[in-house]
Amino acid sequence: MRKFLVILDDSRECLNAMRFAAMRASKTGGGVEILSVIPPDEFNHWIGVGDIMREEARERIEAHFEVFAKWMRDRQNVDPDLVIREGEPVKEIMAQIKEDPEIGVLVLGAGTDSKGPGPLVAQLTRSAGTLPIPITIVPGDLSKERLEAIT
């Protein structure tokens, strides 16, 4: 089964990327894999404190995932998988793509503010020509109605 890989982070545009991935998966018989990457700099503390922070980050990610997963199951009939990795985001995204041959499309949400589309979009589009899969970039300000129309 072809999977849409979508990145779960704290950005606003993540929501539209999630919606797009679920809608496309539903309409094409695909799946959704949700990847969340915990950056290493979050745990540069004493060992005990770092372990507690790592567990709290995982719990926060799982709670956010459950909100998206419930919507995907209830509205799109798609049961997503969650993958949590630790490290540099772009490096971990690339590693996940290489490790899971069922991933067919990377779906990213683009920011709408004056700072640009966001660090992931900027970094990954620079190397888009050498990626093993296509990238779909979903504008962060698309309405739900427009997303439904284009998926």
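Of the residues Lys98, Lys144, which is under 17 Å from Ala21 (Cβ atoms) and either at pLDDT 95 or above or charged (D, E, K, R) (or both)? Even if it seems obvious, please write down each step before you answer.
Numbers: Lys98 fails: under 17 Å from Ala21 (Cβ atoms).
That would be Lys144, the only listed residue that is under 17 Å from Ala21 (Cβ atoms) and either at pLDDT 95 or above or charged (D, E, K, R) (or both).
Out of the stretch 91-132, which residues are free of Cβ contacts under 8 Å to residues at least 40 places away in the same chain, within 13 Å of Leu5 (Cβ to Cβ) and among the aliphatic types (A, V, I, L, M)?
Across the stretch 91-132, the qualifying residues are Met94, Ala95, Leu124, Leu131.
Which residues, counting only those in the stretch 77-89, are in contact with a strand residue (DSSP E or B) (Cβ under 9 Å, 6 or more places away or on another chain) and either surrounded by fewer than 13 Cβ atoms within 10 Å (Cβ to Cβ) or closer than 18 Å to Phe4 by Cα (or both)? Quick ask: steps written out before the conclusion?
Taking the stretch 77-89 first, the residues in contact with a strand residue (DSSP E or B) (Cβ under 9 Å, 6 or more places away or on another chain) are 78-89.
Listed by number, the residues that qualify are Val78, Asp79, Pro80, Asp81, Leu82, Val83, Ile84, Arg85, Pro89.
Is it fair to say Asp74 is over 14 Å from Ala17 (Cα atoms), surrounded by 13 or more Cβ atoms within 10 Å (Cβ to Cβ), at pLDDT 95 or above and out of contact with any helix residue (DSSP H, G or I) (no Cβ under 7 Å at 6 or more places or on another chain)?
Numbers: over 14 Å from Ala17 (Cα atoms): yes; surrounded by 13 or more Cβ atoms within 10 Å (Cβ to Cβ): no; at pLDDT 95 or above: yes; out of contact with any helix residue (DSSP H, G or I) (no Cβ under 7 Å at 6 or more places or on another chain): yes.
No: the conditions fail for Asp74.
Being touching a helix residue (DSSP H, G or I) at 6+ places or on another chain (Cβ under 8 Å), within 17 Å of Ala21 (Cα to Cα), assigned to a loop (DSSP other than H, G, I, E, B) and modelled with pLDDT of 95 or more: is that true of Val83 here?
Numbers: touching a helix residue (DSSP H, G or I) at 6+ places or on another chain (Cβ under 8 Å): yes; within 17 Å of Ala21 (Cα to Cα): yes; assigned to a loop (DSSP other than H, G, I, E, B): no; modelled with pLDDT of 95 or more: yes.
So Val83 fails the test.
Among the residues of the stretch 39-58, is there at least one that is surrounded by 15 or more Cβ atoms within 10 Å (Cβ to Cβ) and under 13 Å from the mean Cα position of the chain (by Cα)?
no
The values are calculated or read from the model by the stated rules, or taken from the named source; none is laboratory data. Source: prediction; values computed, not measured. Virtual Cβ from ideal backbone geometry, glycine too; neighbours counted across all protein chains shown.
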